[in-house]
Structure formats: C-alpha cells, structure tokens
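Asks: The structure under discussion is supplied below as structure tokens; questions concerning it will follow.
The numbers here are math on the coordinates, done by the rules we state, and not lab data. Just so we're clear, the structure is a prediction, and the values are computed from it rather than from any experiment. All Cβ positions, even for glycine, are placed from backbone atoms using ideal geometry, and neighbour counts span all protein chains on display.
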Amino acid sequence: MPRLALLIVLLAACAEVTLPRALDELAIRDSTYVEPETLVPYTGRVFRMFTIDPGMPQIQGELVDGIWEGEILVYQENGRIRYTGSFANGERCGPWLENRDAEPPQDIYAELKQEIERMGLYPECPS
C-alpha cells in the first residue's frame, strides 16, 4: 500500500503545469484569440506586460475557447488597477470598477466617491 501512495504522489508531482501565456504570442481571428500555428481557440490564463516596464503586468485574465471568461485586471503603468470586472462568454457581467486616474485622491472620502461614480453594473454573471 505505501508504494501505491508514493506512486500517486510522484505522478501528481510530474503533472503538467500550465503557465499563463502572453497575449502577444496568440493571434486574433474574428475577435477570438487563437494559437498562431493551428488557429485553434486558446484556453488558459493570459497576461500582457507593459512595454516600458516588462516586469509590470498590464493585463491579467483568462480565455476560454479564445474569448474572455471570468475576472480581468487591467493596470495603470504605476501598478494601480485601471479597471477590473468579469466576463461570461465574452460579455461583461456583474460590477466593473474603473479608475481613470493613475493616482488616487488624497482623502479617503474623495476616493470612495470616485469609485462609486466609476462603477458600472452589467447583467449578473451566471453561476
């Protein structure tokens, strides 16, 4: 029995881990992100880094069959979130928050007011 447990642990450790993919590595066909060699719609986590600072993420999200699905984060160049929200079948859903200004206001009241004013509400995301 211990050998079976050890084998299961070893197989799990050797399982292929899918790393997030750079959006720039994918092609776009009819508004769908596809593998450039096969034109098969891509499924998995994706990202884009800022060109001026390759260590700073610009976009993080997930594609399913080549279209946006789930939460997406888009950042300002200083690392502050530019906007965040969710997609279902490539359509925006649920609350979205947009921060047009790269720097937050100096007082918390102004910042909260700004967040509320910039919140967009879309149809509820499916469960």
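Asks: Can you put F87, F50 in order, fewest other beta carbons within 10 Å first?
Replies: F50, F87
Asks: Can I ask one more? For the stretch 18-104, which GluC sites (Glu not before Pro) are both in a DSSP coil and crowded by at most 13 other Cβ atoms within 10 Å?
Replies: E37, E77
Asks: Quick one: what Rg and Dmax do you get for the stretch 18-121 from the alpha carbons, in Å?
Replies: 15.5, 52
Asks: Using r as the Cβ-Cβ distance of D107 and M56, and R0 as 30 Å, what FRET efficiency do you calculate, to the nearest 0.05?
Replies: My answer for the efficiency is 0.65.
Asks: OK, next. With a 10 Å Cβ neighbour count serving as the proxy for reagent exposure, in which order, fewest first, do Y109, Y122 appear?
Replies: Fewest-to-most Cβ neighbours within 10 Å comes out as Y109, Y122.
Asks: Right, next: Taking the Cβ of G90 as the centre, find all other residues whose Cβ is under 10 Å away and add up their charges (Lys, Arg: +1; Asp, Glu: -1).
Replies: Numbers: positive: R92; negative: D65, E69, E91.
My count for the surroundings of G90 gives -2.
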